[in-house]
Amino acid sequence: MLSGIGPQQHLKSLGIEVHADLPVGNNLQDHVFLPVRVQLNTSVSFTETKAKKALEILKYLLFRKGVLSEAIGMSAVGSIKLAREDRPELYMYLLNIGSYKTQMYQIVSGISEEAWRKFAPGVYDPSEEGCFIAPALMQPRSRGNITLASTDPFQFPVINPRYLNDKHDVDTLVEGIKIAIAMTEMKPLQELGATVHIPEYSGCSHHPPKSNAMYSCLVRHGAMSLYHYIGTCKMGGIEDAASVVNPELRVHGIAGLRVVDASIMPDLPTGNTMGPTLMIAEKAAAIILRDVKD
């Protein structure tokens with residue numbers, strides 16, 4: 001946008017010469033999730049205490065086995081289709097974390113320690129056994145945007161993700177919470193002593209326990225980003241007024257310029273964005289090489 005490619009009205013308001021009036025910054029999308037904290041009474045999860053034991057360190061150094069060989073966090077993932085869309089609306093992540101460095105939670109989530117202590121108090125106990133079952137919204141209907149704060153390239157832009165702006169997104173995550181809780185009531189997790197911790201947010205206390213209203217409130221208070229941002233330079237044909245680049249990733253109306261990153265995705269994939277982003281880069285490289293040869 002600083003170079004003059006973006007929404008005309010916005011650029012002119014900052015005194016930027018417009019070279020192409022395109023909807024750069026619109027259509028911002030992201031996956032959001034809400035981890036449900038599950039406390040266990042069986043020694044099966046990753047804990048800070050276990051990770052610091054000399055025996056576990058030796059196991060890893062000598063045999064690449066033990067607690068330290070585990071992928072901290074992601075232990076399993078599955079998709080759930082609620083019959084509302086043509087693709088799964090939810091992913092369910094199992095995060096095998098009993099406890100870990102407290103700073104990690106705050107840095108990754110952007111949530112204060114006070115909020116985390118309400119959300120999952122046990123993670124601050126280095127020997128706490130537990131896990132998270134985290135429903136993640138795969139097909140959000142909410143759309144955000146990015147605009148310039150000024151013409152200073154060193155000033156951060158204004159990012160408004162507008163998370164959960166569409167009630168459908170809240171309702172879908174509420175269904176995810178119900179499924180996560182139901183999973184803890186099944187035999188495999190009950191044999192591990194599973195109990196669900198429901199955060200006590202002051203803004204939610206007036207809602208009846210286990211009600212849709214209570215779960216909706218929890219979603220609005222505790223949903224977090226998966227940092228899967230896409231869409232702000234949407235790919236589409238020249239007839240698509242919401243698009244910025246064409247199917248060969250060329251910026252509409254600008255010669256010799258392509259965008260090659262996750263921002264060209266018109267919609268979020270049902271899953272992580274890393275794989276599709278690598279594919280976009282590979283495809284772009286193939287297109288450019290073809291053009292050079294021609």
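Odds and ends about this structure:
- Considering residues of the range 142-159 that are assigned to a strand (DSSP E or B) and out of contact with any Ser or Thr (no Cβ under 8 Å at 6 or more places or on another chain) only, the residue surrounded by the fewest Cβ atoms within 10 Å (Cβ to Cβ): ILE159
- Residue match in the range 58-65 (condition: open to solvent by 70 Å² or more (accessible area, probe 1.4 Å) and among the aromatic types (Phe, Trp, Tyr)): yes
- Residues that are modelled with pLDDT of 85 or more and open to solvent by less than 40 Å² (accessible area, probe 1.4 Å), drawn from the range 84-111: PRO88, GLU89, LEU90, MET92, TYR93, LEU95, ASN96, ILE97, GLY98
- Contact annotation: residue pairs with Cβ atoms under 8 Å, 6 or more positions apart or on different chains, pairing a residue in the range 2-24 that is within 19 Å of ALA241 (Cα to Cα) with a partner that is in a helix (DSSP H, G or I) and open to solvent by 80 Å² or more (accessible area, probe 1.4 Å), are VAL18/LYS12.
- Candidate set: the range 261-294, residues that are in a loop (DSSP other than H, G, I, E, B) and open to solvent by less than 60 Å² (accessible area, probe 1.4 Å); chosen: the one nearest to ARG87 (Cα to Cα): THR270
- Meets criteria (open to solvent by less than 90 Å² (accessible area, probe 1.4 Å), in contact with a Pro (Cβ under 6 Å, 6 or more places away or on another chain) and closer than 30 Å to GLN139 by Cβ) for SER75: no
- Selection status of GLN139, within 23 Å of LEU90 (Cβ to Cβ), exposed (fewer than 12 other Cβ atoms within 10 Å of the Cβ) and either at pLDDT below 95 or not basic (Lys, Arg) (or both): no
- Failed criterion for ARG117 (all others in (1) modelled with pLDDT of 95 or more; (2) surrounded by fewer than 19 Cβ atoms within 10 Å (Cβ to Cβ) hold): (1)
The values are calculated or read from the model by the stated rules, or taken from the named source; none is laboratory data. Since this is a predicted model, take the numbers as computed values, not measurements. Virtual Cβ from ideal backbone geometry, glycine too; neighbours counted across all protein chains shown. With ligands, DNA and RNA removed, areas are computed over all heavy atoms of the protein, side chains included. Shrake-Rupley method; radii C 1.70, N 1.55, O 1.52, S 1.80 Å.
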